[in-house]
1. Got at least one residue in region 146-165 being open to solvent by less than 60 Å² (accessible area, probe 1.4 Å), small (Gly, Ala, Ser) and more than 16 Å from VAL18 (Cβ to Cβ)?
2. Take the residues in region 60-91 that are open to solvent by less than 50 Å² (accessible area, probe 1.4 Å), within 16 Å of the ligand (Cβ to nearest atom) and not small (Gly, Ala, Ser); name whichever of them is farthest from LYS31 (Cα to Cα).
3. What pairs can you find where one residue is in region 104-132 and closer than 23 Å to LYS31 by Cβ, the other is open to solvent by 40 Å² or more (accessible area, probe 1.4 Å) and within 10 Å of the ligand (Cβ to nearest atom), and their Cβ atoms are less than 7 Å apart, with a gap of 6+ or different chains?
4. Would you check if VAL8 is within 15 Å of the chain's Cα centre (by Cα), surrounded by 16 or more Cβ atoms within 10 Å (Cβ to Cβ) and over 26 Å from ASP145 (Cα atoms)?
5. Would you mention how many residues in region 11-59 are among the charged types (D, E, K, R), open to solvent by 80 Å² or more (accessible area, probe 1.4 Å) and more than 15 Å from the ligand (Cβ to nearest atom)?
6. Tell me the residue from VAL123, VAL97 that is near the ligand (Cβ under 9 Å from one of its atoms), open to solvent by 70 Å² or more (accessible area, probe 1.4 Å), on the phi < 0 side of the Ramachandran plot and not aromatic (Phe, Trp, Tyr), please.
7. Quick one: count up the residues across region 11-59 that are of a type in the set (D, E, K, R), in a loop (DSSP other than H, G, I, E, B), more than 17 Å from ARG157 (Cα to Cα) and under 14 Å from the mean Cα position of the chain (by Cα).
Amino acid sequence: MATGITRVGVYPGSFDPVTYGHLDIVERAAKLFDWLYVAVLRNPRKKPCFSTEERVEMLRMATADYPNVVCESFDGLAAEYARSRGAQAIVRGLRAVSDFEAEFKMAAMNRHLEPDIETVFLVPAGQYTFVSSSVIREVAAFGGDVRALVPDFVHERLMERLSMQKGERPE
Ligand code: ADP
């Protein structure tokens with residue numbers, strides 16, 4: 001039944017870098033919304049492995065097959081950003097109980113800020129429940145094989161970045 005409402009979701013995060021866990025959530029959310037904005041938070045307080053522009057570019061490459069997914073960056077509050085895009089919902093991924101507390105607080109705060117915007121939690125396929133960007137960076141830095149957990153081009157860039165960082169550090 002056509003309702004005439006354009007359903008818009010925003011999926012905010014750090015995506016430093018994008019993993020198959022993130023992409024699992026993108027795939028599910030892209031089916032639920034007419035438009036899905038996947039958005040990298042510019043966070044001046046964090047020192048990321050990849051710049052905001054690099055993270056957006058990798059997201060664009062990784063989501064190129066989804067015609068209704070738009071990748072970009074945003075500053076400030078996710079709730080305000082969601083409103084600026086006309087979104088009905090903020091999408092977040094829930095991997096485990098350990099994600100729950102922080103996500104629950106964030107969802108409550110976002111509802112306080114924007115009462116009309118819902119938070120929708122999606123659960124990834126079982127094999128991605130242990131995947132996070134930080135674990136991927138850490139395991140890769142110690143020479144662990146993370147090729148099954150990120151797209152090939154992300155893996156290449158991660159290897160390049162880690163070897164650059166090694167070169168910078170005095171032993
Ligand atoms: P992280 O550094 O933990 O990957 P992000 O800020 O990039 O965190 O995550 C953005 C959103 O994606 C969060 O809602 C996070 O819970 C979710 N997410 C991250 N990795 C996964 C995964 N493997 N499966 C499901 N959701 C995930």
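1. Scanning region 146-165 turns up no residue that is open to solvent by less than 60 Å² (accessible area, probe 1.4 Å), small (Gly, Ala, Ser) and more than 16 Å from VAL18 (Cβ to Cβ).
2. PHE74
3. THR119/ARG92; PHE121/ARG92; LEU122/ARG28; PRO124/ARG95; TYR128/TYR20; THR129/ARG95; THR129/ALA96; VAL131/TYR20
4. On the way: within 15 Å of the chain's Cα centre (by Cα): no; surrounded by 16 or more Cβ atoms within 10 Å (Cβ to Cβ): yes; over 26 Å from ASP145 (Cα atoms): yes.
Criteria not met by VAL8.
5. Restricting attention to region 11-59, the residues satisfying the condition of being among the charged types (D, E, K, R) are 16, 24, 27-28, 31, 34, 42, 45-47, 53-55, 57.
Narrowing further to those that are open to solvent by 80 Å² or more (accessible area, probe 1.4 Å): 27-28, 31, 42, 45-47, 53, 57.
Narrowing further to those that are more than 15 Å from the ligand (Cβ to nearest atom): 31, 53, 57.
Residues that pass the stated criteria total 3.
6. Numbers: VAL97 fails: near the ligand (Cβ under 9 Å from one of its atoms).
Sole residue among the options that is near the ligand (Cβ under 9 Å from one of its atoms), open to solvent by 70 Å² or more (accessible area, probe 1.4 Å), on the phi < 0 side of the Ramachandran plot and not aromatic (Phe, Trp, Tyr): VAL123.
7. 0
The values are calculated or read from the model by the stated rules, or taken from the named source; none is laboratory data. Keep in mind that this is a model prediction, so the values were computed, not measured. All Cβ positions, glycine included, derive from the backbone under ideal geometry; neighbour counts span all protein chains shown. Please note that ligands, DNA and RNA were not included when accessible areas were found on the heavy atoms of the full protein model with its side chains. Shrake-Rupley method; radii C 1.70, N 1.55, O 1.52, S 1.80 Å.
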